[in-house]
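Right, one structure below, let's go through it.
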Amino acid sequence: METTYDVKVYKILTYKGARKTTYTVRWAVAGKRWREPFATVALAEGFRSELIRATGKGEAFVIASGLPVSHRSKSAAMSWYKFAVQYVDARWSQLGGNSRKNMARTLMITTIALLRAQPNQFSPVDVRTALREWAFNTNRRLEAPPDVMTILRWVERNSLPVSVWEDPEKVDEVLTALDTRLDGKPAAAWSRKRHRRVLNVAMKYAVRRRLLRTNPLPKGKETTVSTKTTNAVDKRCLINPEQAAALLGRVRRRTRGGKRLHAFFATLYYCGPRPEEAVALRVRDVNLPGVDADDQWCELLIHTATPEVGKQWTDSGEIHEQRDLKGRAEGDTRTVPGHPALTRILRTHIEDEGLKPGDLLFQGENGGVLAGSVIRRAWRTARAAVLAPHVFDSPTGKRVYDIRHTRLTKWLNDGIPPAQVADWAGNSVPVLLATYARCVEGQLADLKKRLEAAGDLPDPEGTGDADDTG
């Protein structure tokens, strides 16, 4: 920690804006200028007085942070590991299972990057597991086995203090670790963006706890240049009707649970729900027409999502977590029409399975929620059996979620208004258009006719062809 006594404190700078007035304290440490804005003059004068008081006492200032050494006392007294554990406990009840998992993963990488020495006496896999699955899991920490506790005690002893975030070089080291995979290659853009988002919230918590003066993470373009992402769907992932029919037919012919899985995948294809919404459907959520009306449309009432997050991340200890619909208000629902082909499939499925109104529409072999591993395995097997090798290796229908992408794209290409598609899909119109704009096609001929109907500019001389001799 480099310190200096070369400190100058300037007058408060007052800026009167159109909406509010800002009071900025300015000072210089070893020639480097620092600024700290405040909303009131009292706060600004209080902070400036602290700086002047420190210089009057002959106290050294930290060059990296621009603050007196005494300001580091609280953050220097707490280790990063201890802070991270407290932060997890403070946030745990506010987060869903997947958010808890992402938080633990980010803090695991950060904590390893903030060790005084690397734990070479332990397996790297064991260290990462101990931190991710036990230290940063409020529900499991006290139940950690002895070998895990040995690792965690070593980490706690060798963890750097929170004040290390005042060193810009150390901040860069942590961000580099978050941006890099274990094999040394750059992490995916979405992964880097997620890590920064999680860490940014943790830094804001440290500021509120007065462990840090400001958020040390870089802002603006410094954080976004290398982490550009897009929500747009790759049109190569879409499946055509012939492929869809072949894939669903192959699923149906499965020896084990083929008919049940066929009904599930048919629901994804014809109605486009998210997989976690489809597995949460119950028989009473399906509105089927009369028994003799299998050529009519049905309706699905979607109101719950059951994502698979892992039992160690849920409060109930169940693998799945029941939640409200994504991006919707608590208790909100949406109704989606189902093609007559789906009407026939679901009626047969309900009758063959002997399902009652309160039963799950799509069940696992033991009657519980249909497992994601079963769904993914069935889809992967069908792709391998139906698609040509070069198509199987391509993005075409590679993920189960691509069935939803296919349906939403087909609705848009069939001319269904985006507002209606967004309502059926459970998206906002801006998100829908940003996600599927590249996949909309087949409407160019109609658009050209509309443009032609608008007509050309009139000939100013009424002679037909323009005179280009002059």
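All of the numbers you see were taken from the coordinates with simple rules; none came from a lab. Since this is a predicted model, take the numbers as computed values, not measurements. No Cβ is skipped: glycine too gets one built from the backbone with ideal geometry, and neighbour counts run over all protein chains shown.
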Space enclosed by the convex hull of the alpha-carbon atoms of the range 273-360, per residue, Å³: 108
Could you please rank ILE52, ILE403, ILE239, placing first whichever residue has the fewest other Cβ atoms within 10 Å of its Cβ? ILE52, ILE239, ILE403
Residues MET108, MET103 in order from fewest to most other beta-carbon atoms within 10 Å are MET108, MET103
What percentages, rounded to whole numbers, describe P(r) for the range 3-75 computed over all alpha carbon pairs with 5 Å bin width beginning at zero? 3, 17, 26, 23, 16, 8, 4, 2, 0
Answer rounded, prolate or oblate for the range 78-224, using the Cα gyration tensor with square roots of eigenvalues a ≥ b ≥ c: rounded when a/c is under 1.5, else prolate when a/b is larger than b/c, else oblate. rounded
Pairs LYS185/LYS398; LYS20/LYS204; LYS20/LYS170; LYS204/LYS326; LYS8/LYS193: which are spaced more than 28 Å apart, C-alpha to C-alpha? LYS20/LYS170; LYS8/LYS193
Enumerate the whole-percent occupancy of each 10 Å bin, from 0 to the last occupied one, for all C-alpha pair distances of the range 130-202. 16, 35, 41, 8
For the chain, what does the alpha-carbon gyration tensor say about shape, rounded, prolate or oblate, given a ≥ b ≥ c as the root eigenvalues, a/c under 1.5 as rounded, and a/b over b/c as prolate? oblate
The chain, relative contact order [Cα under 8 Å, separation at least 6], %: 12
Using alpha carbons only, how many angstrom separate the centre of the range 140-208 from the centre of the range 310-360? 37
Evaluate the charge dipole of the chain about its Cα centre and quote only its size in Debye, nearest 20, assuming +1 on the Cβ of each Lys and Arg and -1 on the Cβ of each Asp and Glu. 2240
I need the shape label for the range 316-421. Rule: rounded when a/c is under 1.5, else prolate if a/b > b/c, else oblate, with a, b, c from the alpha carbon gyration tensor. rounded
